[in-house]
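**Student:** This structure is in structure tokens; I'll ask about it shortly.
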Amino acid sequence: GAAMLRSLGSFLCLWALRLPPAPAGFGAAARGLDVASYRERVRAMFYHAYEHYLESAFPYDELRPLTCDGQDTWGSFSLTLIDALDTLLILGNVSEFQRVVNVLQEGVDFDIDVNASVFETNIRVVGGLLSAHLLSKKAGIEVEAGWPCSGPLLRMAEEAARKLLPAFQTPTGMPYGTVNLLHGVNPGETPVTCTAGIGTFIVEFATLSHLTGDPVFEDVARKALKALWKNRSDIGLVGNHIDVITAKWVAQDAGIGAGVDSYFEYLVKGAILLQDKELMSMFLEYNKAIKNYTKFDDWYLWVQMYKGTVSMPVFQSLEAYWPGLQSLIGDVDNAMRTFLNYYTVWKQFGGLPEFYNIPQGYTVDKREGYPLRPELIESAMYLYRATRDPTLLELGRDAVESIEKISKVDCGFATIKDLRDHRLDNRMESFFLAETVKYLYLLFDPDNFIHNDGSVFDVVTTPYGECVLNAGGYVFNTEAHPIDPAALHCCRKRKEEQWEVEDLIREFYSLKKNKKLNLKRASDHGEGESPKDPEDAPSEKSGEQRNSKKNSHSLLSCPSQSFNSKLAVLGQVFLDNT
């Protein structure tokens with residue numbers, strides 16, 4: 001039926017950018033780059049940092065690599081351990097993954113009197129726990145009967161996310177930037193939040209809602225996204241800080257970097273994860289305005305959000321995620337051109353300075369550092385999947401060589417305070433193990449399970465029926481925690497499925513009604529005409545109308561299919577007994 005084709009089309013959307021894994025070293029052999037050897041060097045980097053964190057810093061959030069001790073930074077969650085957990089599995093270390101899951105269950109407590117960043121807690125803690133929860137079975141953990149719809153890591157993720165909900169109780173629905181995990185929002189808390197701190201929740205919160213069945217998380221994330229959209233300027237741009245009480249823009253610089261970046265990223269990733277056309281159309285509108293006002297010669301500048309006049313001709317290292325994001329919407333040519341601009345900066349300094357003055361071609365005062373950020377490597381990984389261009393592997397090679405040469409110390413890897421003279425800072429951010437090392441490893445590991453093209457998968461039985469998992473198409477949150485999109489279709493009979501049942505019942509009654517009408521007509525006219533063909537019954541209209549209002553995937557509602565054989569878009573089977 002037509003609905004089957006629609007659903008198949010929706011399913012294929014998710015795979016449109018998937019390519020078959022390339023043989024190891026493909027495209028690089030001509031330039032003499034040994035992919036396997038770089039992969040092993042990245043693995044060694046991970047363990048050098050990870051083991052020293054365990055030895056010198058655990059249970060603190062982060063390692064201080066110059067003094068070989070630890071410090072709490074974003075809360076008091078043993079943050080590096082949560083952030084590094086899924087990287088362990090990507091490197092193939094199931095035994096340590098299992099050990100850490102037990103340590104976290106016993107040792108992490110969110111009932112603490114700590115002021116925490118709502119944004120950072122979400123992307124690092126909630127995202128890290130959700131990803132580890134969804135990868136638990138793959139890591140050989142004996143999961144609960146209801147998994148992936150229940151489990152200890154999911155309960156921890158939900159507990160952490162609930163601690164963030166008070167921040168969203170504002171007149172605009174845009175959250176405060178900081179919340180006390182015990183008492184909620186502090187009296188006198190500043191109402192000024194950066195745009196990314198408002199628009200970077202949909203991936204984690206929608207996943208939580210779909211797995212737990214509690215819609216509150218997805219609802220608050222959507223409301224915050226829409227509030228930003230509503231407050232864009234007449235020329236279609238957003239600034240980078242806004243008052244969440246009054247919705248007045250406090251910082252009116254518009255660009256793709258710090259303070260804004262992951263808002264745009266989550267419109268695209270939320271659209272892919274949820275098959276949501278509305279989120280994608282929001283991004284595409286922003287994309288037009290960004291190209292019109294901020295793009296010059298494949299660089300992106302900062303402009304005044306209302307006038308479009310250039311305010312800062314600066315490239316920030318955080319902007320280097322943009323080519324990867326462009327590749328996700330299929331804009332690979334533009335992505336490569338911008339990536340190559342950014343790569344020239346890397347080659348100039350052996351890293352990306354936080355700010356780079358484009359006209360002057362040099363660093364900006366007090367912004368000369370490189371805290372081992374992942375964004376350029378992240379873009380290289382996406383673009384290599386899309387193009388197999390060996391230049392992208394060369395960036396990976398340069399990153400390994402730079403980080404080892406400049407940043408490696410006895411107790412781990414240290415933030416580079418100044419790329420000009422290679423002075424170091426006594427800090428190793430948790431994103432180094434969550435993102436930088438992970439994206440480097442995935443760039444050099446074409447056969448990793450994360451790159452699965454759908455040719456292998458697992459079928460799991462849940463209390464709600466069977467569903468397919470681990471088929472690929474992972475969506476990385478902005479801290480590089482992979483979310484399996486198929487998992488969102490495993491738990492609870494959500495409204496869409498309830499509508500299917502309603503439509504089937506409506507169809508059944510309309511068939512009976514038609515049959516009665518036809519029989520009545522036949523008896524009235526004395527004709528022996530047969531009842532109408534069931535295919536002609538006006539059964540789907542109400543469901544179609546409802547579906548057109550809701551920007552989600554098309555539903556399978558072909559009348560010719562029996563209910564027990566219907567497949568949802570990402571592989572859930574509806575069984576008679578559920």
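The values are calculated or read from the model by the stated rules, or taken from the named source; none is laboratory data. Because the structure is a prediction, the values reported are computed rather than measured. Ideal geometry is used to build each Cβ from the backbone, glycine not excepted, and the neighbour counts take in all protein chains shown. Ligands, DNA and RNA are stripped out before the accessible areas are found, and what is left, the full protein with its side chains, is counted by its heavy atoms. Shrake-Rupley method; radii C 1.70, N 1.55, O 1.52, S 1.80 Å.
**Student:** Under a 1.4 angstrom probe, counting protein chains only, how are 133, 241, 489 ranked by accessible area, largest first?
**Tutor:** 241, 489, 133
**Student:** Compute the distance in nm between two label points, each set 7 Å from the Cα along the Cα-to-Cβ direction, one at residue 69 and one at residue 248.
**Tutor:** 4.5 nm
**Student:** Pop the C-beta distance of residue 182 and residue 51 into the FRET formula with R0 = 41 Å and round what comes out to the nearest 0.05.
**Tutor:** The formula returns an efficiency of 0.80 here.
**Student:** How much length would be gained if the chain were fully extended between residue 461 and residue 291, taking 0.36 nm per residue of separation minus their Cα-Cα distance, in nm to one decimal?
**Tutor:** Additional length available on full extension: 56.6 nm.
**Student:** Between residue 312 and residue 388, what FRET efficiency follows from the Cβ-Cβ distance if R0 is 45 Å, with the result rounded to 0.05?
**Tutor:** The pair residue 312/residue 388 has a calculated efficiency of 0.80.
**Student:** So what J values fall out for the stretch 264-278 if you push phi through Karplus, 6.51 cos²θ - 1.76 cosθ + 1.60 with θ = phi - 60°, rounded to Hz, Gly and Pro as x?
**Tutor:** Running phi through 6.51 cos²θ - 1.76 cosθ + 1.60 with θ = phi - 60° gives 5, 4, 7, 5, 6, 5, x, 4, 5, 4, 9, 6, 10, 5, 5 Hz.
**Student:** Pull up all non-local amide H partners of residue 69: gap of 5 or more, or a different chain, and H-to-H distance under 5 Å with H placed in the peptide plane.
**Tutor:** Correct list: 64.
**Student:** Between the stretch 91-138 and the stretch 416-452, what is the C-alpha centre distance in whole Å?
**Tutor:** 19 Å
**Student:** Let me ask something additional. Provide the FRET efficiency to the nearest 0.05 for the residue 111-residue 449 pair, computing r from the beta carbons and using R0 = 45 Å.
**Tutor:** Rounded to the nearest 0.05, the efficiency is 0.80.
**Student:** I would also like to ask the following. Classify the stretch 332-377 as rounded, prolate or oblate, taking a ≥ b ≥ c as the square roots of the eigenvalues of its Cα gyration tensor: rounded when a/c is under 1.5, otherwise prolate if a/b is larger than b/c and oblate if not.
**Tutor:** oblate
**Student:** If you don't mind, there's one more thing I want to ask. Only residues of the stretch 366-400 count here: report those whose backbone N is under 18 Å from the spot 7 Å along Cα→Cβ of residue 333, or say none.
**Tutor:** Flagged as within label range: 383, 386-389.
**Student:** Could you go through the stretch 463-478 in sequence order and give the Karplus-derived ³J(HN,Hα) for each residue, using 6.51 cos²θ - 1.76 cosθ + 1.60 with θ = phi - 60°, rounded to whole Hz, and x for Gly and Pro?
**Tutor:** Per residue, the Karplus-derived 3J(HN,Hα) values read x, 10, x, 8, 8, 9, 10, 6, 8, x, x, 4, 9, 7, 6, 6 Hz.
**Student:** While we're looking at this one, here's another question. Could you list which residues have their amide H under 5 Å from that of residue 424, counting only those 5 or more apart in sequence or on another chain, with H placed in the peptide plane?
**Tutor:** 417
**Student:** Where the centre of each part is set by its Cα atoms, how far does the stretch 146-200 sit from the stretch 322-371, in angstrom?
**Tutor:** Computed from Cα coordinates, the inter-centre distance equals 32 Å.
**Student:** Please give the net charge around residue 307, taking every other residue with its beta carbon less than 12 angstrom from that of residue 307, where Lys and Arg add +1 and Asp and Glu add -1.
**Tutor:** Net local charge, residue 307 excluded: -2.
**Student:** Anything over 18 Å Cα to Cα? Flag those among 248/307; 223/277; 163/230; 347/405, in the order listed.
**Tutor:** Over 18 Å apart, Cα to Cα: 163/230.
**Student:** Can you list the HN-Hα couplings for the stretch 198-210, worked out from phi with the Karplus curve (6.51, -1.76, 1.60; θ = phi - 60°), rounded to whole Hz and with x for Gly and Pro?
**Tutor:** Karplus values, whole Hz, x for Gly and Pro: 9, x, 10, 10, 5, 5, 6, 6, 5, 4, 4, 4, 5.
**Student:** Calculate, in nm to one decimal, what residue 341 and residue 190 gain on full extension: separation in residues at 0.36 nm each, minus their alpha carbon distance.
**Tutor:** Value of the extension gain: 50.6 nm.
**Student:** Measuring from label point to label point, each 7 Å out along Cα→Cβ, what is the residue 234 to residue 420 span in nm?
**Tutor:** 4.3 nm
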